[in-house]
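One structure below.
The values are calculated or read from the model by the stated rules, or taken from the named source; none is laboratory data. As the structure is a prediction and not an experimental result, all values here were calculated from the model. FYI the Cβ positions are ideal-geometry reconstructions off the backbone, even for glycines, and counts take in every protein chain you see. Just the protein is used for accessible areas: all its heavy atoms, side chains included, with ligands, DNA and RNA removed. Shrake-Rupley method; radii C 1.70, N 1.55, O 1.52, S 1.80 Å.
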Amino acid sequence: MIEEFHRVKRLPPYVFAEVNRLKAAARARGADIIDLGMGNPDMPTPQHIVDKLVETVSKPRTNRYSASKGIPGLRKAQAAYYARRFGVKLNPDTQVVATLGSKEGFANMAQAITAPGDVILVPSPTYPIHEFGFIISGAAIRHIPTVGGTAKDPHAEFLRGVERAVKHSIPKPLAVVLSYPSNPTASTADLSFYTEAVQLAKKLDLIILSDIAYAEIYYDNNPPPSILQVPGAMDITVEFTSLSKTYAMPGWRMGFAVGNERLIAALARVKSYLDYGAFTPVQVAASAALNGPQDCVDEIRKIYKTRRDCLVESFGRAGWDIPAPPASMFAWAPIPEAFREIGSVEFAKLLIDKADVAVSPGLGFGEYGEGYVRIALVENEHRIRQAARNIKKFLARSQETMHNVIPIPQKASR
Ligand SMILES: Cc1ncc(COP(=O)(O)O)c(C=O)c1O
């Protein structure tokens, strides 16, 4: 058999694997690791959604194969969400597809539209499927730095980066990925940015794939918009949403792709060959989530906000200043000055080893993620404060014994 399969060879070693291994080893030793690593919501799914699942499971015929692109009631519920939240009108038959989480939707959209060797413009740092969905599909990736809020106008810089990349890429890029609120940087976009992005993409003949998985996790009363609110965006855009964070349903695997009919039809066609849709009771319960009372979403948002404020305040007092994220369930934290040289992977490993705290190294989100770690708000306030106390001790200790704490820098790998 050949040594390595073509597609598998295109996937680099998982950056997070090293950190995960260390975390598992520490736990095996009995360490109480405070895990702020993976963005895996810890809250329970609201009861009325669970009840709807349970009620539907016992009904006859719900055990049968479901509809690959989603049952009509679910697609209608998603269209109603877009109408009420963004004022965007969608045809549930031709402009909405339910997906097995937005990750699956994104990856299969990449499969549907990519020819081998196509060039795709992907922000860096970003959520890994934005890049690897296309790499698995045979595309070549060109990273556009998002700068993470340090440039004067990072959004204008990003669009200039897109324009430059199109000018210098052969073949001409097919699509650009946008994702706000961003995982990992938490940066957000407003309608004027989206308007410029649509104008530019039309001028450069680019498809836009917009991922707004964190559209409902926002703070300070500033709900993120949808790019589909921009007149004409529908001509070139597909947007992905998710129930995972909005309703604390990550394991249920329910998301959506909506937008341009031709792109949506391409995704629906590929999916029709690959799956029979989510389990019908999950689709019925997801409809109940979208159509039902939304105070549970306010509750979830409130919990993340309390944790965000607690993190910024307690870590700040511990000597680590972290900018307050305006949205998402993540803080994007610059590595403290004294540790910057060792890079994000080694720093994350040190935090596990010396402070019993797990975070995600920025490098795992792309080359421009180096210099930062991502902290997920997935433990309660008590645990976040405990993490801050551990880190305070670690920072104090390392000042005295830095030569013992900092390992020899290792070559970063992706
Ligand atoms: C930006 C972004 N998009 C998509 C996803 C995937 O979500 P889902 O559970 O809907 O597949 C995540 C999950 O962390 C994410 O951060």
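Can you find a residue that is without any contact (Cβ under 8 Å) to a residue 60 or more places away in the chain, in the same structural domain as residue 210 (by TED's automatic domain parsing), assigned to a helix (DSSP H, G or I) and in contact with a helix residue (DSSP H, G or I) (Cβ under 9 Å, 6 or more places away or on another chain) anywhere in the range 305-323? The answer is no, given that none of the residues of the range 305-323 is without any contact (Cβ under 8 Å) to a residue 60 or more places away in the chain, in the same structural domain as residue 210 (by TED's automatic domain parsing), assigned to a helix (DSSP H, G or I) and in contact with a helix residue (DSSP H, G or I) (Cβ under 9 Å, 6 or more places away or on another chain).
Of all residues in the range 135-159, those satisfying the criterion of being more than 18 Å from residue 120 (Cβ to Cβ) and either away from the ligand (no atom under 16 Å from the Cβ) or among the hydrophobic types (A, V, I, L, M, F, W, C) (or both) are 147, 149, 150, 151, 152, 153, 154, 155, 156, 157. Consider the range 100-127 and keep the residues that are among the small types (Gly, Ala, Ser) and not in a helix (DSSP H, G or I). The one that is nearest to the ligand (Cβ to nearest atom) is 124.
Residues in the range 281-298 that are farther than 18 Å from residue 79 by Cβ, in contact (Cβ under 8 Å) with a residue 24 or more places away in the chain and open to solvent by 10 Å² or more (accessible area, probe 1.4 Å): 282, 293, 296.
Kindly indicate the residue of the range 257-271 that is assigned to a helix (DSSP H, G or I) and over 19 Å from residue 103 (Cβ atoms) and also least open to solvent (accessible area, probe 1.4 Å) among those meeting that condition. Across the range 257-271, the extreme among qualifying residues is 265. Of the listed requirements (1) out of contact with any Asp or Glu (no Cβ under 6 Å at 6 or more places or on another chain); (2) assigned to a helix (DSSP H, G or I); (3) at pLDDT 95 or above, residue 332 misses just one: (2).
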